[in-house]
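Input: a single structure, listed below in structure tokens.
The values are calculated or read from the model by the stated rules, or taken from the named source; none is laboratory data. Everything numeric in this text was worked out from a predicted model, so none of it was measured. Every residue, glycine as well, gets a Cβ built from its backbone with ideal geometry; the counts of neighbours run over all protein chains shown.
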């Protein structure tokens, strides 16, 4: 730093602040013309610096005037007799922050500060202060200059750490949801809150018609344009992102200043100016297949914000993180037609303003032909009375919206079930549970509160877990699943066969039902007899895990018939009923005629019946073994304190044997009396087990020993009935 001193100055120990420093600097007197000459000289010095010269070229006239005023203020603060260390440090940190936001890197900033200091000392050397006081002035100013250099380096380091730390925060964002929309909004909110110098952040995609659509935006210009500005202006902003050219290439593009030629004749430039947008950077997100998934656009409040080496590195790092996340979300069902900001706000407003209406789709119990339960499906009612389907509005929803949808929808559906009870139509309810809600530590409390408020027994509620491949197998999610099971709610694995949902997940979670994906159903239907063989194997594996099987997406009677004959427990699809508004369910039920499967009418049904008859001996052995395993597992779970709710244990379809008995009636119609005896013994067994579970869970467990003896007795009676049937069946064969 000695090189900064004019040879006319000497240094002695003198504090740069305080009364002694004030007395020394008072000799300078009013700066007057000194300040104006200094700013003019410093401006010419900056023009010799290529980085600063580029920055100055980006400034508007008003910004140039502001810069000169700040430089004059910096000189006045530096030479002020009353300057305190804390105020001086804050001023230098503020100057450093502004310079970094304007795109200057640390080396350029340090060199410019040295130029500033050299010029200060040069002007002071020419000041007409008495020689006796020049020593004191030089000592104070030199001390302050040393502090400025140290504080600027400190401010640069802190700002760089803060900027890079935002990337660490991005990597830590929750990934419990597989929907890219949730991560996009979370990332935008995180960066808007933690990154300095941003007016806003947006994300857009190209519509199928080639028009660029802004889907997400933070607060600031991109966030408010579609909400508070006129439609023409909002459309103009959406089109503006095309100037970044990021959609046409896989490169990050930046615009350093609105004074660039690309904006010279822009019709929307005034919108950006009045909302203090002076620069932008567009970052394309490239998928694993090389296709662009979308473009993040960062709207800067300062010219040159994205031009420094630090910000260029930051943009590349952000692109890498975003692309990794989009690979993680590869199977997410992102809408092919991106939603505009107006559409997203509209759908959220409909939900918040009470326009949620639950529709109900019947599920058919195939062995009996009866409607066993209804699945509640969300709809949003628009201003003109149209009902929007989930595929239209779910991409617009945040985590908070999904939680609100679950709360409102579950309560509405349970209240409707209770009303149906009062008119004699008793249904169980199936309801979708998204991972965003399951991840809540109080998820089970939400369900329990809704059930208690309406007065519906927990065993009548089936929660379909969506996108289970994204769920962790431990921690709070495992606790929530255990709480829901202990509550008595049945857990359903939805969309088995879709994406990465596999049979291994069935054994990792306490599912009671596995639901086969509609796409899988369509593939099976197109395969003919080979499809029936495959479905039979899949159903047997599900039953082997002690769960029942539901097949969705059934489009014709032939598949319904074949599904029932290979052991599918429940069916759902347009061949049975479309989702119905609540007021239409009662009339549909009156028109529905239960038709339990009998003699098959379709070729696939005839094939399925012949196939199952050939191997029913093997199935009997498996069903008996699984019943015995169920008893052992029940006793072990009861001892461990995590057994099924006693009402569930009491049901004769709680184990595979109960479901098998309903199925065997279809393939062996001439054996009804013998099967009746087996079913009665099986029902008596589960009633005894249910009494035992209730005593252990709700009453005095010391009284359970006598009931346990009844369990063993009813189990023995059941085995005798089965062996009697098997002996007669084998003799007839």
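Brief remarks on what is shown
- Checking each residue in the range 1-25 for being exposed (fewer than 12 other Cβ atoms within 10 Å of the Cβ) and either in a helix (DSSP H, G or I) or modelled with pLDDT of 80 or more (or both) picks out 2, 3, 19.
Residue-by-condition table, conditions (1) crowded, with 20+ Cβ neighbours inside 10 Å; (2) assigned by TED's automatic domain parsing to the domain that holds residue 487; (3) modelled with pLDDT under 75:
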position	(1), (2), (3)
626	no, no, yes
638	yes, no, no
644	yes, no, yes
656	yes, no, yes
660	yes, no, yes
708	no, no, no
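- Close pairs (8 angstrom Cβ cut-off, 6 or more residues apart or separate chains): within 19 Å of residue 114 (Cα to Cα) in the range 59-80, surrounded by fewer than 16 Cβ atoms within 10 Å (Cβ to Cβ) and modelled with pLDDT of 85 or more anywhere: 70/98; 77/87
- Among the residues of the range 582-620, those identified as modelled with pLDDT of 80 or more, part of a loop (DSSP other than H, G, I, E, B) and under 45 Å from the mean Cα position of the chain (by Cα) are 592, 602.
- Looking only at residues in the range 387-436 that are in contact with a strand residue (DSSP E or B) (Cβ under 7 Å, 6 or more places away or on another chain) and surrounded by fewer than 16 Cβ atoms within 10 Å (Cβ to Cβ), the one that is farthest from residue 491 (Cα to Cα) is 387.
- Verdict on residue 577 being surrounded by 20 or more Cβ atoms within 10 Å (Cβ to Cβ), in a helix (DSSP H, G or I) and touching a helix residue (DSSP H, G or I) at 6+ places or on another chain (Cβ under 8 Å): no
Results for (1) closer than 28 Å to residue 565 by Cα; (2) surrounded by 15 or more Cβ atoms within 10 Å (Cβ to Cβ); (3) modelled with pLDDT under 85, shown as yes or no for each residue.
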{"position": "475", "(1), (2), (3)": "no, no, yes"}
{"position": "478", "(1), (2), (3)": "no, yes, yes"}
{"position": "493", "(1), (2), (3)": "yes, yes, no"}
{"position": "502", "(1), (2), (3)": "yes, no, yes"}
{"position": "505", "(1), (2), (3)": "yes, yes, yes"}
{"position": "517", "(1), (2), (3)": "yes, yes, yes"}
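- In the range 514-526, the count of residues that are in contact (Cβ under 8 Å) with a residue 60 or more places away in the chain and over 32 Å from the mean Cα position of the chain (by Cα) is zero.
- Sole residue being over 23 Å from residue 161 (Cβ atoms), assigned by TED's automatic domain parsing to the domain that holds residue 276 and outside any loop (DSSP other than H, G, I, E, B), chosen from 290, 294: 294
- Test for residue 196: is it in the same structural domain as residue 291 (by TED's automatic domain parsing) and at pLDDT 80 or above: yes
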